[in-house]
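Bear in mind these aren't lab numbers, they're just calculated from the coordinates by the rules spelled out. Because the structure is predicted, anything quoted here is derived from the model rather than measured. FYI the Cβ positions are ideal-geometry reconstructions off the backbone, even for glycines, and counts take in every protein chain you see.
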Amino acid sequence: MKIQSIEDEREIAATAAKVLHERFIEAARTETVLYVKNDAVWSKAPNGDPILIKQLFRSNPDLAKKFASRGTYKIKK
């Protein structure tokens, strides 16, 4: 598949994000899910409260800002 323009690439990314979001919500209603929020790994069972699994201490905010300021990264297989 060849992407013709930046707009096409953005549309593909937005559609993928929407599908992932919908699938996560659907899965969270029926089974236990793991997710990362605010540098912590959480577990959430249906009809249950979130449980903190692990705090992620090694995140480097300066490094994250450095990568974010450089623009878009493409990952190749």
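Computed from the C-beta positions of Asp8 and Lys37, the FRET efficiency with R₀ = 30 Å rounds to 0.45. Shown is the FRET efficiency for Gln55 and Ala27, computed with R0 = 25 Å from the Cβ-Cβ distance and rounded to the nearest 0.05: 0.60. For Lys54, a cut-off of 15 angstrom between C-alpha atoms picks up these aspartates and glutamates, skipping any fewer than 8 places away in its own chain: Asp39.
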